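The values are calculated or read from the model by the stated rules, or taken from the named source; none is laboratory data. Since this is a predicted model, take the numbers as computed values, not measurements. Glycine gets a Cβ as well: all are built from the backbone with ideal geometry, and neighbour counts include every protein chain shown. We work out accessible area using only protein heavy atoms, side chains counted, and drop any ligands, DNA or RNA first. Shrake-Rupley method; radii C 1.70, N 1.55, O 1.52, S 1.80 Å.
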Amino acid sequence: MERLTLSQRAPGRWQLGTVTAIAQETPRVKSFRVRLPMWMPHLPGQHYDVRLTAPDGYRAQRSYSVASSPLDEGEIELTVDRLDDGEVSAYFHDVLMEGDEVEVRGPFASYFVWRGESPTVLIGGGSGVVPLMAMLRHQRRVMPDAIMRLIYSVRSASDVIYADELGDDTLITYTREPPEGWTGHTGRIDAALIAAAGVASGIAFICGSNAFVETAAGLLLAAGFAPQQIRTERFGPTG
Ligand SMILES: Cc1cc2nc3c(=O)[nH]c(=O)nc-3n(C[C@H](O)[C@H](O)[C@H](O)COP(=O)(O)OP(=O)(O)OC[C@H]3O[C@@H](n4cnc5c(N)ncnc54)[C@H](O)[C@@H]3O)c2cc1C
């Protein structure tokens, strides 16, 4: 198996990043480019912690995956799904503007990372596509001949994040409302969709809600993947 020569370093200290660009991906999802004074290259799949501090000292901290390739030197992209009563995601969407500072620390995690393995199948539900996009973007730039397929489950066409960047390497399924004239897969991820990706061996990365991850992992096991070939990340409620 080919390996990328990406080394891992200890995560940095808290630092104040500057938001340089904000893109509206879907009605409830925005991407934030954050320039970091103490930037270091991450491994695709890693996340940063974000910390908000209120004037009275109250703090809220959440994790957000890096969506960008580590080749984007000096900055990271975070993509945030706005939850209706979400403390931190609503702050990102409703308060944070270009030029503002935001406190972050990272990159974290050593298990849910792509190190150049091929073939690879990525399975994402909703905003679970974010760390997978970092893998896909990086693979296209550094190992374009590697086999990497993305299976992406969304509710409807308006929920597709990074729509302009998804090509032949991506299979979408619409669980609620497919776009008009859609002839592809609809409904929840199933064995037929896994088979259609055409990656019967290699490494699988699954990211999404708890239920989504459980379902996708079960389907991969049934398709012949061994547990050690499957890496999972769950964006569950923080409680
Ligand atoms: C390793 C890791 C990486 C992550 N990467 C991303 C990312 O790239 N993009 C992204 O948008 N989120 C990501 N998350 C989720 C993120 O950390 C927060 O949990 C999420 O933004 C909600 O925080 P909040 O403060 O807005 O909501 P909270 O104030 O914590 O919660 C508001 C309400 O929503 C519920 N809730 C909380 N989290 C979720 C959730 N994930 N799904 C459904 N309901 C929830 C809570 O139970 C509560 O009822 C990641 C989580 C982890 C652990």
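List of remarks:
- Each Lys and Arg Cβ is given +1 and each Asp and Glu Cβ -1; about its Cα centre, the chain then shows a dipole of about 660 debye.
- When the Cα positions of 222, 181, 156 are compared along the charge dipole of the chain, 222 comes out farthest toward the positive end, with charges on each C-beta of Lys, Arg, Asp and Glu.
- Residue 168 versus residue 85: modelled label distance in nm, points set 7 Å from Cα along the beta carbon direction: 4.8
- Alpha-carbon centroids, the stretch 88-116 and the stretch 188-225: separation in whole Å: 27
- Sequence of 152, 58 from largest to smallest accessible area, 1.4 Å probe: 58, 152
- Put simply, the amide H of residue 47, placed in the peptide plane, has neighbours under 5 Å in 66, 108, leaving out anything fewer than 5 places away on its chain.
- Shape of the stretch 108-239 from the C-alpha gyration tensor: rounded (a/c under 1.5, with a ≥ b ≥ c the square roots of its eigenvalues).
- The chymotrypsin sites (Phe, Trp or Tyr not before Pro) found in the stretch 107-137 that occupy coil by DSSP, while having at most 11 further C-beta atoms within 10 Å, are 111.
- Gain upon complete extension [residue 103, residue 191; 0.36 nm per residue less C-alpha separation]: 27.5 nm
- Within the chain, longest stretch clear of exposed GluC sites (Glu not before Pro) (DSSP loop, no more than 13 other Cβ within 10 Å): 99-179
- The phi-based Karplus calculation (6.51 cos²θ - 1.76 cosθ + 1.60; θ = phi - 60°) puts the 3J(HN,Hα) values of the stretch 143-157 at 9, x, 8, 5, 8, 9, 10, 10, 9, 10, 9, 9, 6, 8, 4 Hz, whole numbers, x for Gly and Pro.
- Our coupling estimate for the stretch 105-117, obtained by passing each phi through the Karplus curve with A = 6.51, B = -1.76, C = 1.60 and θ = phi - 60°, is 8, x, x, 10, 5, 10, 9, 8, 9, 9, 10, x, 5 Hz, Gly and Pro reported as x.
- Given charges at beta-carbon only (K, R positive; D, E negative), |dipole| of the stretch 104-228 in Debye: 380
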